[in-house]
(Lines give C-alpha, C1' and ligand atoms only; values in the text may rest on other atoms or scores of the structure.)
Protein backbone atom coordinates (compact mmCIF):
# COMPACT_ATOMS: atom_id res chain seq x y z
CA UNK A 1 0.00 0.00 0.00
CA UNK A 2 1.38 3.36 -1.01
CA UNK A 3 1.04 6.24 1.43
CA UNK A 4 0.43 9.50 -0.39
CA UNK A 5 3.34 11.96 -0.16
CA UNK A 6 1.57 14.55 1.99
CA UNK A 7 0.94 11.90 4.65
CA UNK A 8 3.55 9.49 5.92
CA UNK A 9 4.72 11.44 8.99
CA UNK A 10 4.40 10.24 12.60
CA UNK A 11 1.30 12.24 13.54
CA UNK A 12 -0.53 11.03 10.45
CA UNK A 13 0.40 7.40 11.20
CA UNK A 14 -0.85 7.90 14.77
CA UNK A 15 -4.12 9.29 13.40
CA UNK A 16 -4.51 6.33 11.02
CA UNK A 17 -3.73 3.84 13.79
CA UNK A 18 -6.30 5.47 16.08
CA UNK A 19 -8.97 5.51 13.37
CA UNK A 20 -8.32 1.95 12.19
CA UNK A 21 -8.19 0.51 15.71
CA UNK A 22 -11.40 2.35 16.63
CA UNK A 23 -13.19 1.10 13.54
CA UNK A 24 -12.09 -2.51 14.04
CA UNK A 25 -13.07 -2.42 17.72
CA UNK A 26 -16.51 -1.06 16.82
CA UNK A 27 -16.94 -3.89 14.31
CA UNK A 28 -15.73 -6.48 16.83
CA UNK A 29 -18.03 -5.33 19.67
CA UNK A 30 -21.33 -6.74 18.28
CA UNK A 31 -19.65 -10.17 17.92
CA UNK A 32 -18.21 -9.90 21.44
CA UNK A 33 -21.62 -8.98 22.88
CA UNK A 34 -23.38 -11.72 20.92
CA UNK A 35 -21.01 -14.39 22.20
CA UNK A 36 -21.33 -13.23 25.82
CA UNK A 37 -25.11 -13.24 25.56
CA UNK A 38 -24.87 -16.96 24.78
CA UNK A 39 -24.55 -17.35 28.56
CA UNK A 40 -28.26 -16.62 28.60
CA UNK A 41 -29.39 -18.33 25.40
CA UNK A 42 -27.14 -21.36 25.25
CA UNK A 43 -24.47 -21.98 27.89
CA UNK A 44 -23.19 -25.05 26.04
CA UNK A 45 -22.71 -23.04 22.87
CA UNK A 46 -20.74 -20.46 24.90
CA UNK A 47 -18.48 -23.18 26.29
CA UNK A 48 -18.03 -24.60 22.80
CA UNK A 49 -17.01 -21.15 21.60
CA UNK A 50 -14.69 -20.49 24.54
CA UNK A 51 -12.96 -23.83 23.86
CA UNK A 52 -11.79 -22.35 20.57
CA UNK A 53 -9.71 -19.82 22.51
CA UNK A 54 -7.28 -22.60 23.42
CA UNK A 55 -5.99 -22.78 19.84
CA UNK A 56 -2.98 -20.74 18.80
CA UNK A 57 -4.56 -18.89 15.84
CA UNK A 58 -7.41 -17.70 18.07
CA UNK A 59 -4.90 -16.65 20.75
CA UNK A 60 -3.05 -14.63 18.13
CA UNK A 61 -6.33 -13.02 17.08
CA UNK A 62 -7.02 -12.20 20.72
CA UNK A 63 -3.58 -10.69 21.03
CA UNK A 64 -4.53 -8.49 18.06
CA UNK A 65 -7.79 -7.45 19.69
CA UNK A 66 -6.10 -6.56 22.97
CA UNK A 67 -3.49 -4.61 21.01
CA UNK A 68 -6.27 -2.68 19.23
CA UNK A 69 -7.94 -1.84 22.54
CA UNK A 70 -4.67 -0.85 24.21
CA UNK A 71 -3.37 1.23 21.31
CA UNK A 72 -6.72 3.03 21.03
CA UNK A 73 -6.60 3.62 24.80
CA UNK A 74 -3.02 4.95 25.00
CA UNK A 75 -3.37 6.84 21.70
CA UNK A 76 -6.61 8.32 23.01
CA UNK A 77 -4.87 9.48 26.19
CA UNK A 78 -2.27 11.20 23.99
CA UNK A 79 -5.04 12.97 22.06
CA UNK A 80 -6.79 14.08 25.25
CA UNK A 81 -3.48 15.47 26.52
CA UNK A 82 -2.84 17.18 23.16
CA UNK A 83 -6.26 18.83 23.26
CA UNK A 84 -6.64 19.68 26.92
CA UNK A 85 -3.09 20.40 28.08
CA UNK A 86 -0.68 23.04 26.76
CA UNK A 87 1.03 21.96 23.53
CA UNK A 88 4.02 19.67 23.89
CA UNK A 89 6.56 19.31 21.09
CA UNK A 90 7.24 15.71 22.15
CA UNK A 91 4.36 14.19 20.16
CA UNK A 92 6.62 11.68 18.37
CA UNK A 93 7.86 10.41 21.74
CA UNK A 94 4.29 10.11 23.04
CA UNK A 95 3.21 8.22 19.90
CA UNK A 96 6.12 5.80 20.26
CA UNK A 97 5.38 5.36 23.97
CA UNK A 98 1.65 4.73 23.35
CA UNK A 99 2.44 2.09 20.73
CA UNK A 100 5.10 0.44 22.88
CA UNK A 101 2.81 0.33 25.92
CA UNK A 102 0.03 -1.19 23.81
CA UNK A 103 2.47 -3.83 22.60
CA UNK A 104 3.58 -4.52 26.17
CA UNK A 105 0.02 -4.87 27.48
CA UNK A 106 -1.20 -7.08 24.61
CA UNK A 107 1.87 -9.29 24.80
CA UNK A 108 1.42 -9.65 28.56
CA UNK A 109 -2.09 -10.85 27.78
CA UNK A 110 -0.79 -13.25 25.14
CA UNK A 111 1.84 -14.73 27.46
CA UNK A 112 -0.76 -15.00 30.20
CA UNK A 113 -3.07 -16.89 27.83
CA UNK A 114 -0.30 -19.21 26.61
CA UNK B 1 -20.27 16.90 11.22
CA UNK B 2 -18.59 17.12 14.60
CA UNK B 3 -20.25 19.96 16.42
CA UNK B 4 -19.23 21.06 19.91
CA UNK B 5 -21.97 18.86 21.43
CA UNK B 6 -20.84 15.65 19.68
CA UNK B 7 -17.19 16.51 20.40
CA UNK B 8 -17.93 16.94 24.11
CA UNK B 9 -19.88 13.67 24.25
CA UNK B 10 -17.00 11.89 22.49
CA UNK B 11 -14.38 13.25 24.91
CA UNK B 12 -16.50 12.82 28.07
CA UNK B 13 -17.21 9.16 27.24
CA UNK B 14 -13.48 8.70 26.48
CA UNK B 15 -12.47 10.05 29.89
CA UNK B 16 -15.18 7.98 31.57
CA UNK B 17 -13.95 4.81 29.85
CA UNK B 18 -10.25 5.31 30.63
CA UNK B 19 -10.34 3.60 34.05
CA UNK B 20 -12.87 1.05 32.78
CA UNK B 21 -10.58 -0.01 29.93
CA UNK B 22 -7.67 -0.42 32.36
CA UNK B 23 -9.90 -2.54 34.62
CA UNK B 24 -11.12 -4.61 31.68
CA UNK B 25 -7.58 -5.29 30.45
CA UNK B 26 -6.52 -6.32 33.97
CA UNK B 27 -9.51 -8.68 34.28
CA UNK B 28 -8.74 -10.19 30.87
CA UNK B 29 -5.10 -10.86 31.70
CA UNK B 30 -6.15 -12.40 35.02
CA UNK B 31 -9.09 -14.42 33.67
CA UNK B 32 -7.35 -15.91 30.66
CA UNK B 33 -4.62 -17.52 32.75
CA UNK B 34 -5.98 -21.04 32.94
CA UNK B 35 -8.24 -21.01 29.89
CA UNK B 36 -11.71 -19.59 29.53
CA UNK B 37 -14.85 -21.45 30.56
CA UNK B 38 -18.41 -20.22 30.86
CA UNK B 39 -18.56 -21.49 34.44
CA UNK B 40 -15.47 -19.51 35.43
CA UNK B 41 -16.70 -16.27 33.86
CA UNK B 42 -20.20 -16.57 35.23
CA UNK B 43 -18.92 -17.61 38.65
CA UNK B 44 -17.10 -14.30 38.86
CA UNK B 45 -19.78 -12.06 37.42
CA UNK B 46 -23.22 -13.55 38.06
CA UNK B 47 -25.25 -11.85 40.76
CA UNK B 48 -22.66 -9.12 41.18
CA UNK B 49 -24.07 -5.60 41.24
CA UNK B 50 -20.54 -4.21 41.04
CA UNK B 51 -19.74 -5.95 37.75
CA UNK B 52 -23.18 -5.09 36.42
CA UNK B 53 -22.56 -1.40 37.08
CA UNK B 54 -18.96 -1.56 35.81
CA UNK B 55 -19.88 -3.15 32.50
CA UNK B 56 -23.27 -1.38 32.27
CA UNK B 57 -21.58 2.03 32.37
CA UNK B 58 -18.89 0.74 30.01
CA UNK B 59 -21.50 -0.38 27.45
CA UNK B 60 -23.41 2.93 27.57
CA UNK B 61 -20.19 4.93 27.14
CA UNK B 62 -18.81 2.75 24.36
CA UNK B 63 -22.10 2.85 22.44
CA UNK B 64 -22.02 6.66 22.42
CA UNK B 65 -18.26 6.86 21.76
CA UNK B 66 -18.30 4.31 18.93
CA UNK B 67 -21.43 5.75 17.31
CA UNK B 68 -19.84 9.21 17.10
CA UNK B 69 -16.57 7.76 15.81
CA UNK B 70 -18.34 5.68 13.16
CA UNK B 71 -20.40 8.73 12.22
CA UNK B 72 -17.22 10.69 11.46
CA UNK B 73 -15.63 7.82 9.52
CA UNK B 74 -18.75 7.22 7.42
CA UNK B 75 -19.17 10.93 6.71
CA UNK B 76 -15.53 11.47 5.77
CA UNK B 77 -14.89 8.33 3.76
CA UNK B 78 -18.30 7.56 2.25
CA UNK B 79 -19.59 11.13 2.05
CA UNK B 80 -22.86 10.40 3.88
CA UNK B 81 -24.47 13.60 5.22
CA UNK B 82 -27.68 15.00 6.69
CA UNK B 83 -30.57 12.79 7.82
CA UNK B 84 -28.92 9.62 6.46
CA UNK B 85 -25.87 10.25 8.61
CA UNK B 86 -27.98 10.83 11.73
CA UNK B 87 -30.00 7.66 11.11
CA UNK B 88 -26.78 5.69 10.66
CA UNK B 89 -25.16 7.05 13.85
CA UNK B 90 -28.28 6.52 15.98
CA UNK B 91 -28.73 3.05 14.51
CA UNK B 92 -25.14 2.07 15.25
CA UNK B 93 -25.33 3.49 18.78
CA UNK B 94 -28.64 1.84 19.64
CA UNK B 95 -27.54 -1.51 18.19
CA UNK B 96 -24.36 -1.47 20.29
CA UNK B 97 -26.34 -0.37 23.34
CA UNK B 98 -28.98 -3.12 22.95
CA UNK B 99 -26.48 -5.91 22.24
CA UNK B 100 -24.16 -4.67 24.99
CA UNK B 101 -26.79 -4.37 27.69
CA UNK B 102 -28.14 -7.82 26.77
CA UNK B 103 -24.62 -9.25 27.16
CA UNK B 104 -24.13 -7.51 30.52
CA UNK B 105 -27.48 -8.85 31.69
CA UNK B 106 -26.58 -12.35 30.48
CA UNK B 107 -23.37 -12.54 32.49
CA UNK B 108 -24.22 -10.51 35.60
CA UNK B 109 -27.94 -10.97 36.33
CA UNK C 1 26.45 21.09 -12.14
CA UNK C 2 27.02 21.00 -15.90
CA UNK C 3 25.30 23.63 -18.02
CA UNK C 4 23.25 21.22 -20.13
CA UNK C 5 21.78 18.92 -17.49
CA UNK C 6 18.02 18.58 -17.79
CA UNK C 7 15.17 17.11 -15.76
CA UNK C 8 11.70 15.85 -16.58
CA UNK C 9 8.96 18.11 -15.30
CA UNK C 10 5.32 17.00 -15.41
CA UNK C 11 3.03 20.00 -15.19
CA UNK C 12 -0.73 19.83 -14.67
CA UNK C 13 -2.60 21.45 -17.55
CA UNK C 14 -6.31 22.18 -17.56
CA UNK C 15 -8.74 24.49 -19.29
CA UNK C 16 -9.98 24.38 -22.89
CA UNK C 17 -11.85 21.20 -21.97
CA UNK C 18 -8.70 19.10 -21.62
CA UNK C 19 -6.79 18.15 -18.48
CA UNK C 20 -3.78 16.03 -17.60
CA UNK C 21 -0.04 16.19 -17.02
CA UNK C 22 2.21 17.55 -19.76
CA UNK C 23 5.91 16.70 -19.62
CA UNK C 24 8.66 19.21 -20.32
CA UNK C 25 12.44 18.89 -20.36
CA UNK C 26 13.73 21.79 -18.34
CA UNK C 27 17.34 22.76 -17.64
CA UNK C 28 18.63 21.69 -14.22
CA UNK C 29 20.55 24.52 -12.56
CA UNK C 30 22.20 25.03 -9.22
CA UNK C 31 20.21 26.85 -6.51
CA UNK C 32 17.13 26.61 -8.73
CA UNK C 33 13.71 26.90 -7.10
CA UNK C 34 10.54 25.15 -8.25
CA UNK C 35 9.13 28.56 -9.20
CA UNK C 36 12.22 29.12 -11.39
CA UNK C 37 11.37 25.91 -13.24
CA UNK C 38 7.71 26.89 -13.76
CA UNK C 39 8.81 30.32 -14.99
CA UNK C 40 11.36 28.74 -17.36
CA UNK C 41 8.62 26.56 -18.88
CA UNK C 42 6.32 29.56 -19.30
CA UNK C 43 9.05 31.69 -20.88
CA UNK C 44 10.79 29.08 -23.05
CA UNK C 45 8.47 26.15 -23.69
CA UNK C 46 4.81 27.17 -23.49
CA UNK C 47 3.78 30.81 -22.92
CA UNK C 48 0.17 29.72 -22.36
CA UNK C 49 1.00 28.11 -18.98
CA UNK C 50 -1.04 29.79 -16.23
CA UNK C 51 0.40 30.10 -12.72
CA UNK C 52 0.49 32.67 -9.94
CA UNK C 53 3.34 34.36 -8.10
CA UNK C 54 4.27 37.82 -6.90
CA UNK C 55 7.09 38.47 -4.42
CA UNK C 56 9.42 35.49 -5.05
CA UNK C 57 10.82 35.81 -1.51
CA UNK C 58 8.32 33.88 0.61
CA UNK C 59 6.24 36.78 1.87
CA UNK C 60 3.15 37.10 -0.31
CA UNK C 61 1.87 33.51 -0.18
CA UNK C 62 0.68 33.37 -3.79
CA UNK C 63 2.93 30.75 -5.42
CA UNK C 64 2.03 27.58 -3.49
CA UNK C 65 1.61 24.41 -5.60
CA UNK C 66 1.71 20.65 -5.17
CA UNK C 67 5.27 19.50 -5.84
CA UNK C 68 5.70 15.73 -6.13
CA UNK C 69 2.44 15.35 -4.22
CA UNK C 70 3.32 17.73 -1.38
CA UNK C 71 2.12 21.31 -0.94
CA UNK C 72 5.06 23.77 -1.11
CA UNK C 73 5.76 27.48 -1.42
CA UNK C 74 7.49 27.12 -4.76
CA UNK C 75 9.57 30.32 -4.59
CA UNK C 76 11.45 29.10 -1.52
CA UNK C 77 11.58 25.40 -2.39
CA UNK C 78 14.87 24.36 -3.94
CA UNK C 79 14.60 21.75 -6.66
CA UNK C 80 17.49 19.85 -5.06
CA UNK C 81 15.31 19.26 -1.97
CA UNK C 82 12.29 17.84 -3.78
CA UNK C 83 13.60 16.23 -6.97
CA UNK C 84 12.68 12.52 -7.05
CA UNK C 85 14.51 10.23 -9.49
CA UNK C 86 15.38 13.30 -11.55
CA UNK C 87 11.71 14.21 -11.96
CA UNK C 88 9.34 16.88 -10.75
CA UNK C 89 5.55 16.70 -10.76
CA UNK C 90 3.92 20.10 -10.36
CA UNK C 91 0.17 20.44 -9.83
CA UNK C 92 -2.25 23.09 -8.54
CA UNK C 93 -2.89 23.23 -4.78
CA UNK C 94 -5.13 20.43 -3.51
CA UNK C 95 -8.59 21.09 -2.04
CA UNK C 96 -9.22 24.21 -4.14
CA UNK C 97 -11.02 24.66 -7.46
CA UNK C 98 -8.62 25.12 -10.38
CA UNK C 99 -9.02 28.13 -12.66
CA UNK C 100 -6.49 26.94 -15.21
CA UNK C 101 -3.24 24.93 -15.14
CA UNK C 102 -1.49 25.75 -11.86
CA UNK C 103 -3.70 28.66 -10.80
CA UNK C 104 -6.33 27.84 -8.16
CA UNK C 105 -9.37 29.84 -7.14
CA UNK C 106 -8.59 30.90 -3.55
CA UNK C 107 -12.13 32.23 -2.91
CA UNK C 108 -13.36 29.31 -0.74
CA UNK C 109 -10.16 29.52 1.30
CA UNK C 110 -10.68 33.20 2.15
CA UNK C 111 -14.44 32.86 2.57
CA UNK C 112 -13.72 30.47 5.41
CA UNK C 113 -11.60 33.10 7.19
CA UNK C 114 -14.71 35.26 7.23
CA UNK C 115 -16.94 32.32 8.23
CA UNK C 116 -14.61 31.59 11.16
CA UNK C 117 -14.94 35.22 12.33
CA UNK C 118 -11.17 35.33 11.88
CA UNK C 119 -11.37 39.10 11.69
CA UNK C 120 -10.46 41.59 14.38
CA UNK C 121 -13.54 42.99 16.13
CA UNK C 122 -12.58 46.25 17.84
CA UNK C 123 -13.89 46.73 21.37
CA UNK C 124 -12.86 50.42 21.55
CA UNK C 125 -13.05 53.39 19.24
CA UNK C 126 -9.95 54.84 17.56
CA UNK C 127 -9.97 57.66 20.13
CA UNK C 128 -9.38 55.24 23.01
CA UNK C 129 -5.81 55.08 24.38
CA UNK C 130 -3.53 52.22 23.28
CA UNK C 131 -4.26 49.00 25.16
CA UNK C 132 -1.22 48.06 27.26
CA UNK C 133 -0.26 44.45 26.44
CA UNK C 134 2.95 43.10 27.90
CA UNK C 135 5.16 41.07 25.55
CA UNK C 136 5.34 38.27 28.13
CA UNK C 137 1.59 38.12 28.72
CA UNK C 138 0.63 34.42 28.21
CA UNK C 139 -2.12 35.29 25.70
CA UNK C 140 0.25 37.56 23.80
CA UNK C 141 2.82 34.73 23.71
CA UNK C 142 0.17 32.30 22.39
CA UNK C 143 -0.87 34.74 19.68
CA UNK C 144 2.78 35.46 18.81
CA UNK C 145 3.38 31.81 18.01
CA UNK C 146 0.65 31.87 15.37
CA UNK C 147 0.68 35.30 13.71
CA UNK C 148 3.24 34.86 10.94
CA UNK C 149 0.76 33.30 8.49
CA UNK C 150 1.16 34.42 4.86
CA UNK C 151 -2.17 32.95 3.65
CA UNK C 152 -0.46 30.62 1.18
CA UNK C 153 -3.02 27.80 1.73
CA UNK C 154 -0.30 25.14 1.96
CA UNK C 155 -1.88 23.87 5.21
CA UNK C 156 -5.32 23.92 3.61
CA UNK C 157 -4.03 21.79 0.72
CA UNK C 158 -2.28 19.40 3.13
CA UNK C 159 -5.33 18.84 5.34
CA UNK C 160 -7.22 15.57 4.84
CA UNK C 161 -10.18 16.83 6.87
CA UNK C 162 -10.68 19.65 4.35
CA UNK C 163 -10.45 17.06 1.57
CA UNK C 164 -13.17 14.88 3.07
CA UNK C 165 -15.40 17.61 4.52
CA UNK C 166 -15.75 20.67 2.28
CA UNK C 167 -17.50 22.54 5.11
CA UNK C 168 -14.44 22.36 7.37
CA UNK C 169 -12.97 25.82 7.99
CA UNK C 170 -9.43 24.51 7.71
CA UNK C 171 -6.15 25.11 9.55
CA UNK C 172 -5.37 28.63 8.32
CA UNK C 173 -8.69 30.26 9.21
CA UNK C 174 -8.76 28.50 12.59
CA UNK C 175 -5.13 29.44 13.30
CA UNK C 176 -6.06 33.08 12.66
CA UNK C 177 -9.13 32.71 14.89
CA UNK C 178 -6.79 31.47 17.66
CA UNK C 179 -4.59 34.58 17.41
CA UNK C 180 -7.71 36.74 17.83
CA UNK C 181 -9.02 34.57 20.67
CA UNK C 182 -5.83 35.66 22.45
CA UNK C 183 -6.20 39.35 21.59
CA UNK C 184 -7.22 41.25 24.73
CA UNK C 185 -8.51 44.13 22.58
CA UNK C 186 -10.90 41.97 20.59
CA UNK C 187 -14.62 42.31 21.33
CA UNK C 188 -15.91 39.46 19.15
CA UNK C 189 -15.01 36.45 21.27
CA UNK C 190 -18.51 35.03 21.75
CA UNK C 191 -19.41 35.30 18.05
CA UNK C 192 -16.07 33.70 17.11
CA UNK C 193 -16.47 30.74 19.47
CA UNK C 194 -19.97 30.20 18.05
CA UNK C 195 -18.68 30.40 14.47
CA UNK C 196 -15.97 27.81 15.07
CA UNK C 197 -18.31 25.42 16.92
CA UNK C 198 -20.61 24.71 13.99
CA UNK C 199 -20.68 21.65 11.74
CA UNK C 200 -17.49 22.70 9.89
CA UNK C 201 -15.78 24.00 13.01
CA UNK C 202 -12.58 23.31 14.94
CA UNK C 203 -13.93 20.10 16.52
CA UNK C 204 -13.56 18.26 13.21
CA UNK C 205 -9.76 18.43 13.45
CA UNK C 206 -8.20 14.98 14.01
CA UNK C 207 -4.79 16.39 14.99
CA UNK C 208 -3.13 14.46 12.15
CA UNK C 209 -0.65 17.32 11.84
CA UNK C 210 -0.41 17.62 8.04
CA UNK C 211 -0.76 21.40 8.45
CA UNK C 212 2.10 21.76 10.93
CA UNK C 213 4.25 19.37 8.90
CA UNK C 214 4.01 21.49 5.74
CA UNK C 215 3.54 25.07 6.98
CA UNK C 216 6.44 26.89 5.29
CA UNK C 217 6.66 29.36 8.18
CA UNK C 218 6.74 26.49 10.68
CA UNK C 219 3.56 27.59 12.40
CA UNK C 220 1.53 25.00 14.28
CA UNK C 221 -2.16 25.21 13.37
CA UNK C 222 -2.70 21.83 15.07
CA UNK C 223 -1.76 23.45 18.39
CA UNK C 224 -3.86 26.53 17.62
CA UNK C 225 -6.92 24.38 16.88
CA UNK C 226 -6.35 22.42 20.11
CA UNK C 227 -6.35 25.81 21.88
CA UNK C 228 -9.66 26.69 20.24
CA UNK C 229 -11.17 23.34 21.28
CA UNK C 230 -10.16 24.12 24.88
CA UNK C 231 -11.61 27.61 24.63
CA UNK C 232 -14.96 26.34 23.32
CA UNK C 233 -15.13 23.62 25.99
CA UNK C 234 -14.31 26.15 28.74
CA UNK C 235 -16.99 28.51 27.47
CA UNK C 236 -19.56 25.72 27.10
CA UNK C 237 -18.95 24.47 30.63
CA UNK C 238 -18.82 28.01 31.98
CA UNK C 239 -15.23 27.82 33.24
CA UNK C 240 -13.85 31.33 33.36
CA UNK C 241 -13.90 33.45 30.26
CA UNK C 242 -13.26 31.48 27.06
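Data overview
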read-out: Among the candidates B:94, B:80, residue that is away from every other protein chain (no Cβ under 11 Å), surrounded by 12 or more Cβ atoms within 10 Å (Cβ to Cβ) and under 13 Å from the mean Cα position of the chain (by Cα); value: B:94
read-out: Of all residues in the stretch C:162-192 being within 14 Å of chain B (Cβ to nearest Cβ) and surrounded by fewer than 23 Cβ atoms within 10 Å (Cβ to Cβ), the one that is farthest from residue A:19 (Cα to Cα); value: C:190
read-out: Which listed residue is modelled with pLDDT of 95 or more, more than 15 Å from the chain's Cα centre (by Cα) and either more than 8 Å from every other protein chain (Cβ to nearest Cβ) or in a helix (DSSP H, G or I) (or both), from A:51, A:70, A:81; value: A:81
read-out: Only one of A:57, A:30 that is at the interface with another protein chain (Cβ under 7 Å from one of its Cβ atoms) and either part of a helix (DSSP H, G or I) or at pLDDT 95 or above (or both); value: A:30
read-out: Residues (modelled with pLDDT under 95 and part of a strand (DSSP E or B)) located in the stretch C:16-33; value: C:18, C:19
read-out: Sole residue being within 30 Å of residue C:169 (Cβ to Cβ) and within 9 Å of chain A (Cβ to nearest Cβ), chosen from B:109, B:14, B:89; value: B:14
read-out: Among residues of the stretch A:2-15, those that are surrounded by 16 or more Cβ atoms within 10 Å (Cβ to Cβ) and free of Cβ contacts under 8 Å to residues at least 12 places away in the same chain, counted; value: 5
read-out: So residue C:223, is it part of a helix (DSSP H, G or I) and more than 13 Å from chain A (Cβ to nearest Cβ); value: no
read-out: Out of B:60, B:74, sole residue that is surrounded by 14 or more Cβ atoms within 10 Å (Cβ to Cβ), within 23 Å of residue A:40 (Cβ to Cβ) and in contact with a helix residue (DSSP H, G or I) (Cβ under 8 Å, 6 or more places away or on another chain); value: B:60
read-out: Sole residue being closer than 20 Å to residue A:108 by Cβ and without any contact (Cβ under 8 Å) to a residue 60 or more places away in the chain, chosen from A:49, A:33, A:67; value: A:67
read-out: The stretch C:193-216, subset within 12 Å of chain A (Cβ to nearest Cβ) and part of a loop (DSSP other than H, G, I, E, B), residue nearest to residue B:70 (Cα to Cα); value: C:206
read-out: Given (1) in contact (Cβ under 8 Å) with a residue 40 or more places away in the chain; (2) surrounded by 24 or more Cβ atoms within 10 Å (Cβ to Cβ), index of the condition residue C:202 fails; value: (1)
read-out: Filter pass, residue C:90 being out of contact with any strand residue (DSSP E or B) (no Cβ under 7 Å at 6 or more places or on another chain), in a strand (DSSP E or B) and touching a residue at least 40 places away in the same chain (Cβ under 8 Å); value: no
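The values are calculated or read from the model by the stated rules, or taken from the named source; none is laboratory data. As the structure is a prediction and not an experimental result, all values here were calculated from the model. Cβ sites come from the backbone with ideal geometry, for glycine too, and all protein chains shown count toward neighbours.
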